[in-house]
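> There's a structure below that I have some questions on.
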Amino acid sequence: MAIHLLIVFVSSIVTYNMALTYLLGMCPFISLSRSLNTAIGMGVAVIFVVTLTAAINWPIYRLLLMTGSEILYYIIFIIVIAATVQLVEMIMERFFPALQAAFGIFLPLITVNCIVLAVSLFMVIREYGFIDSVVFAFGSACGWTGAIIVTAGINEKLKLVGDIPGGMKGPGIIMVSAGILALAIMGFTGVV
Amino acid sequence: MGSQGLLKSRTAKTILDGIWRDHPVFSMLLGICSALAVSNRVANAIAMGASLTFVLVSTAIIISSLRKMIPNRIRMITYMITIASFVIIVDRFLKAFFPGISESIGPYVGLIITNCIVMGRAEAFFIQNNPYYSVLDALSNGFAYTYTLVIISVVREILGFGTLLGVNVIPAAWLDSWWQNWVVMAMAPGAFFLLAVFIWISRTLAKIETKDMG
């Protein structure tokens, strides 16, 4: 059991990385990997929200299956995600104002970050159990965060080099560095 | 005559903005996830482009006709529920009529819900304009997204699999002598590199430059 969970966890980080293998969560990936600090802030917020929403969505999907209304799961999932984000924001504002100041601005953006919905959809497609789902969600979010932090680090160094052609500046060069990173991570294929 | 000309030019401007000047992918950088992920085969790209265009146009009709009735505070959730309903229709349609494609683009159809093109256009355009211009805007954005996907997927499918729409296009003589399928092109890194090149070329042509970020 423990070994199985470890396999789910490690494979969701390295072999099936959300950002570099499935190419998900790219909009914030491109726009936020320009500086290391914002990348870390967004990453932490994503880990928190993804794990929480997967844990909430799993029992709700069971309920939909039991009532034979699983056709509605897109609508239900996206409402759950939006509501969770709103709730987390309110709780943080009330009880942890310091935390809210640190990554509060990233929370509203998360609702439209496709990785949150994607993790819940993969959970349904792969028919994971509850514990598997939570571990998979946590691992995927960690993998995504790792990828965005590494790319941000590369881009902070690239700024010092300079001399990038005009049209390639910004998103173009971020994508090239992400591509090289994706090549590197392909080396893990078959490990788990 | 004057107002006729104005109408004409506004129609033309809406279309041109959508397909070139404010191109959703290379200029606004929206909808990158699916542009990268489903562009490994031309058939998938066309299916994805058509699905997105359908969702975009339907959302445009609903949101722009109801724009005076939607309370400002809950407009985001209204967009989401509208989009999600149409995505369910597309998903069921693909499952019923094109099971093969539905299988291979899998969760990415559901992810149209969080595709920022639809949300972005709803917030920036549909909520402020009447149905006529909204539908024009939706069509031109959908078209821009589709042709981007098709361009990228044509290159990726030929280089990665040696086929186009599933048909072999590499001459047999090449296959024997020097041609090797470039597997990386069909996988994630190839998508990144090709989209980077696409952005580079089209940004240079459209003279868009990102200022150095501080």
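> Which numbered condition trips up A:A178, out of (1) more than 8 Å from every other protein chain (Cβ to nearest Cβ); (2) surrounded by 15 or more Cβ atoms within 10 Å (Cβ to Cβ); (3) at pLDDT below 90?
Only one criterion is unmet by A:A178, namely (1).
> Related question: Among B:S140, B:S51, which is the only one that is at negative phi, touching an Asp or Glu at 6+ places or on another chain (Cβ under 8 Å) and outside any loop (DSSP other than H, G, I, E, B)?
B:S140
> If you don't mind, another one. Tally the residues that are outside any helix (DSSP H, G or I) and closer than 23 Å to A:V14 by Cβ, restricting the search to the stretch A:114-172.
Of the residues in the stretch A:114-172, 4 are outside any helix (DSSP H, G or I) and closer than 23 Å to A:V14 by Cβ.
> Answer with yes or no whether B:E157 is charged (D, E, K, R) and closer than 20 Å to B:S104 by Cα.
Taking the combined requirement at face value, the residue satisfies it.
> Give the stretch B:93-113 a look and list any residue that's in a helix (DSSP H, G or I) and within 20 Å of the chain's Cα centre (by Cα), or say none. Let's see the steps before the verdict.
From the stretch B:93-113, those in a helix (DSSP H, G or I) are B:93-97, B:99-105, B:107-110; that's our starting set.
Listed by number, the residues that qualify are B:F93, B:L94, B:I101, B:S102, B:E103, B:S104, B:I105, B:P107, B:Y108, B:V109, B:G110.
> In addition: When both residues are 6+ apart or on different chains and their Cβ atoms are under 9 Å apart, which pairs have a first residue that lies in the stretch B:54-66 and is part of a helix (DSSP H, G or I), and a second that is of a type in the set (D, E, K, R)?
B:L56/B:R121; B:L56/B:D137; B:T59/B:R121; B:A60/B:R121; B:A60/B:D137; B:I63/B:R75
> Give just the number: which of (1) more than 26 Å from A:V119 (Cβ to Cβ); (2) at pLDDT 80 or above; (3) within 14 Å of chain A (Cβ to nearest Cβ) does B:A138 not satisfy?
(3)
The values are calculated or read from the model by the stated rules, or taken from the named source; none is laboratory data. Note that the coordinates shown come from a computational prediction; the quantities given were computed from them, not determined experimentally. With ideal geometry, Cβ positions are generated from the backbone for all residues, glycine too; neighbour counts draw on all protein chains shown.
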